[in-house]
Amino acid sequence: MFKALVVLAVRSRTIYRISLPDGRVETLHDAAGPAPDGVAVDEAGGRVYWTTMGAGRRMPTADDGFDFSSRNGGVHSVSLDGTDATDVLTAGEITTGKQLTLADGVLYWSDREGCRVSCVRVDGTDRADLVVNTPDDESLHACVGVAVDTARGHLYWSQKGPADGGRGRILRAGLRIPERETADARSDIEVLWDGLPEPIDLEIVGNTLYWTDRGAPPEGNTLNRAPLPPAGAEGEPPQILASGFHEAIGLAVDQDAGITYVTDLGGRISAVPIPGDDATPDPAPPRVIAHLAEPLTGVAGIESEALLEAVRYTYTFEDIRQRPVAVIGAGTLGRRIALMFASRGGTVAIHDPSTEQATAAVEFVATQLPDLLDSRGAADTEAGVAKVAPSLTEALDNAWLVVEAVPERLEIKIPLWGEIDAAAPEGTIFATNSSSYASRLMSERVRDKSRLCNMHFYMPPRSNAVDLMSDGETDRGLLDSLHRILPEFGIHPFEARKESTGFIFNRIWAAIKRESLQVVAEGVATHEDVDGMFKVNWRMPRGPFQMMDAVGLDVVLDIENHYAAENPHLPEGPRELLRAYVEAGKLGVKTGEGFYKYSGD
């Protein structure tokens, strides 16, 4: 019995996991490529495989409004936890990947504009065409659905014909091409059903073939089934199990539950009861278990509860609101991060090697929290509390999240993450506030790398954006949970979709900051002139040098050194200027003097 479904969404290029029976939607992988279409799950191998149709060219007269005749489709794979995405066949190795099925370690798919049915092993070897048709102007030879009957040695596929044309067919041939024949000239092809509205995806269960049809009603936009015909016989007229879909595409038959799940281009996932062989199908519209508001294509079931239990980092706000957050590092940013997480009640445990620093951070939260709540119009909200945690173990006790905010040096971060990994409870999300290092670079002592990510803060509570970025193996559910939960604390997450030094904003800001420093280093302008022009021209309350003072010039220098290590061509002037201030002890606001002098708090 299915415990979850894996579903492909076309517009967002996303693979979703749908929990059953509650219909809860989680993102498994959000970079599926252009027009994902067919999907298969290998539970034993812990992987999902899918096809892409590739990028289509807009053409109003085409069936889908796009011309997909360019050869840019592919076959791809990702772990069931959303990590380790890879290509089985890279984009461009096939034309238009449609339905996909898996049998005995071999992937089979239909290629619509390629007018063929092909196969390849899951490791990308032994690729072969099994059926090759001659292209035609009416899509009569366009292959769409595919199903494999390994017990009888048969391959089934659909050829949909023109849109709503009533000329669709379902065909059968042997899994092996007859001896001395070729894929484009087979003698064993049987036409089992002809004159169908527009058959799409297929699935064989026992002696029965199920299929979706997106053609014109009443026979189209339906879920159908019929017995597998014996050799040499045509198929019996199909039994319509359900109708009224919004262009039915994918199907997944859960025989144990007695349900067939159907996806459609209207974004619906429907559950259709499977009647007994002699029973009349329920005339009521199918039950919609989820509506994703974008076109959906392939769907496959997951039966193993253990595979779902392995995904441990998916939370809602209600799941975590009574659990503490641990902040490791009580400096300028650490205390501000603690402030944000104390703004919805609960406890923030602050740990720092300096007890004096940790105590000052707790006092900062207590002093600033009333004003923060008042600014949100939430003065009556129950305030949280920050406390000093003398040890890592105490800081991490029952924490749902730990944020590391220590100095920007890997020789500090790497061993610290090893200590955190040893002390943290199972299920705690690991996040580094590093402003320039990818979390991947500090993960060598973290055993489960799917729990680690970048969560880079700017200067809360004034600047409340955060960058999220995977370490390359981060659980997709973890990132989705942070997207849902962080706004509850007044924090606005933005995700870097691939590894990027500086993430999104800081990468852009680094160029502005570096050129500002270079202008001053060369004697072209003073830092007051640069800041003044930013304020006048862009109406900014502070210029780049005031912002660097707020961050800390030692931190800015560490970041610049990191950028320079990756990009040796960068000018030395900005680092020389920063180094002069740092060596003089002028670090900015925190020491009372940097580019500017400061007094008071």
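The values are calculated or read from the model by the stated rules, or taken from the named source; none is laboratory data. Small disclaimer: the values here were computed from a predicted structure and weren't measured. When we count neighbours, we look across all protein chains shown, and the Cβ atoms used for this are built from the backbone with ideal geometry, even at glycine. Please note that ligands, DNA and RNA were not included when accessible areas were found on the heavy atoms of the full protein model with its side chains. Shrake-Rupley method; radii C 1.70, N 1.55, O 1.52, S 1.80 Å.
Per-structure values
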quantity	calculated
Accessible carbon and sulfur surface of the chain relative to its total accessible area, %, 1.4 Å	49
Rounded tilt (10° steps) of 505-521 against the dominant C-alpha axis of the chain	40
Dipole in debye (nearest 20) - the stretch 4-307, about Cα centre, beta carbon charges: Lys, Arg +1; Asp, Glu -1	460
C-alpha long axis of helix 332-341 to longest principal axis of the chain, angle in °	50
Where Cα atoms sit under 24 Å apart: lysine pairs in the chain separated by 8 or more or lying on different chains	16
Dipole of the chain [Lys/Arg +1, Asp/Glu -1 at C-beta], most positive-end residue of THR222, MET455, TRP509	TRP509
Size of the stretch 317-502 as Cα extents on the principal axes (Å, biggest first)	43, 33, 29
Using alpha-carbon coordinates, inclination of helix 527-538 to the longest axis of the chain, degrees	50
Percentage relative contact order, the chain, counting C-alpha pairs under 8 Å, at least six apart	8
Sequence-separation-based contact order of the stretch 110-259, relative, with Cα cut under 8 Å and 6+ spacing, percent	16
Centre separation in Å (Cα based) which lies between the stretch 139-153 and the stretch 1-78	19
Within the stretch 3-37, backbone nitrogen closer than 16 Å to the virtual label 7 Å beyond the Cα of ASP84 toward Cβ	29
Global geometry of the stretch 4-307, whether rounded, prolate or oblate, following the gyration tensor of its Cα atoms and the 1.5 cut on a/c	rounded
Amide H contacts of ALA386 (H built 1.01 Å from N, under 5 Å, at least 5 apart or other chain)	VAL348
Nearest-20 debye value, the stretch 505-591 charge dipole, Cβ charges on Lys, Arg, Asp, Glu	360
For the chain, alpha-carbon Rg over 2.2 N^0.38 Å	1.17
Stretch gain in nm, segment PHE66-TRP509, where the contour uses 0.36 nm per residue and the Cα spacing is subtracted	155.6 nm
Accessible area in square angstrom per residue, the stretch 204-274, 1.4 angstrom probe	37
Net lengthening on full extension, LEU175/GLU528 (0.36 nm per residue, minus Cα-Cα)	119.5 nm
Lys/Arg +1, Asp/Glu -1 at C-beta; the chain dipole; positive extreme among MET547, GLY38, ALA91	MET547
Per residue accessible area of the stretch 37-174, 1.4 Å probe, in Å²	37
Rg and Dmax [Cα atoms of the stretch 505-591; Å; Rg one decimal, Dmax integer]	12.4, 34
Spatial separation of Cα centroids for the stretch 507-586 and the stretch 231-253, in angstrom	66
1.4 Å probe accessible area per residue over the stretch 418-550, in Å²	42
About the Cα centre, charge dipole magnitude for the chain (Lys/Arg +1, Asp/Glu -1 at Cβ), debye	1180
Selection from THR428, ALA521, SER343, by position along the positive dipole direction of the chain (Cβ)	ALA521
Mean separation of Cα contacts under 8 Å (6+ apart) over length of the stretch 317-502, as relative contact order %	20
Structure-based [θ]222 nm, the chain - -39500 (n - 2.57) summed over DSSP H runs of at least 4, per residue, nearest 500	-6500 deg cm²/dmol
